[in-house]
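What follows is a set of notes on a single structure, which appears directly below.
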Amino acid sequence: MGILDKISKKKDKGDVRAEKKAAQPKSSSKVDGKKEVKKTREHGSSVARSPKGDAATPSVKQEPSEKKPKGSEKKESRVEAAFAYGIISHPVSTEKTDRLQMQYGKYTFMVRRGANKVEIARAVRELYGVTPVSVRVMNLKGKKVRYGRLQGRRKDTRKAVVTLKEGDSISVAE
């Protein structure tokens, strides 16, 4: 049996399943004492009806599809925070960066090597609650180092300088 035969048989089986679904009734009713409960497949709710045919109150609550489950907002903020901590490694605190902070409102961070400017700005907004005006990034090559006879090299890193609006500030000691 060739591969095309297998595919055509799967399609045929799918057609049979579709015909079975179409042949099934869309609503079923159960008689329970004096009231008749009618279930519909389209809406997923059941409505209790009296023998005369007038509709009573729905017995199952329908939730709108637009509502988000409880706690989803917290999960989203946790995901954003995890994203932000994955982008920003740590702030750089040297004499030069302290001068940049005081005079120009520029803060320096070590960031993940694959991070771009948009991701860095989003991470700063999430972690510190301030909106960056501009982000500048630079790639730093690792230095060659020696330990006695052994030679090696430090990791390459990426540094970002984030400029904030005048009046905004970040507590870097966090």
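Worth a mention:
- Set side by side, the residues ARG78, ARG125 differ, and just one is among the charged types (D, E, K, R), modelled with pLDDT under 95 and in contact with a Ser or Thr (Cβ under 8 Å, 6 or more places away or on another chain), which is ARG125.
- Which listed residue is within 32 Å of the chain's Cα centre (by Cα) and either of a type in the set (Lys, Arg) or in a helix (DSSP H, G or I) (or both), from LYS159, LYS96: LYS159
- Residue selected from the range 127-174 under the condition among the acidic types (Asp, Glu) and open to solvent by less than 100 Å² (accessible area, probe 1.4 Å), by the criterion nearest to HIS90 (Cα to Cα): ASP156
- The range 123-150 - residue that is part of a strand (DSSP E or B) and hydroxyl-bearing (Ser, Thr, Tyr) and, of those, nearest to the chain's Cα centre (by Cα): SER134
The values are calculated or read from the model by the stated rules, or taken from the named source; none is laboratory data. Fair warning: this is a prediction, and the values are worked out from it, not measured in the lab. When we count neighbours, we look across all protein chains shown, and the Cβ atoms used for this are built from the backbone with ideal geometry, even at glycine. The protein model used for the area step is the full one, side chains on, heavy atoms only, and it has no ligands, DNA or RNA in it. Shrake-Rupley method; radii C 1.70, N 1.55, O 1.52, S 1.80 Å.
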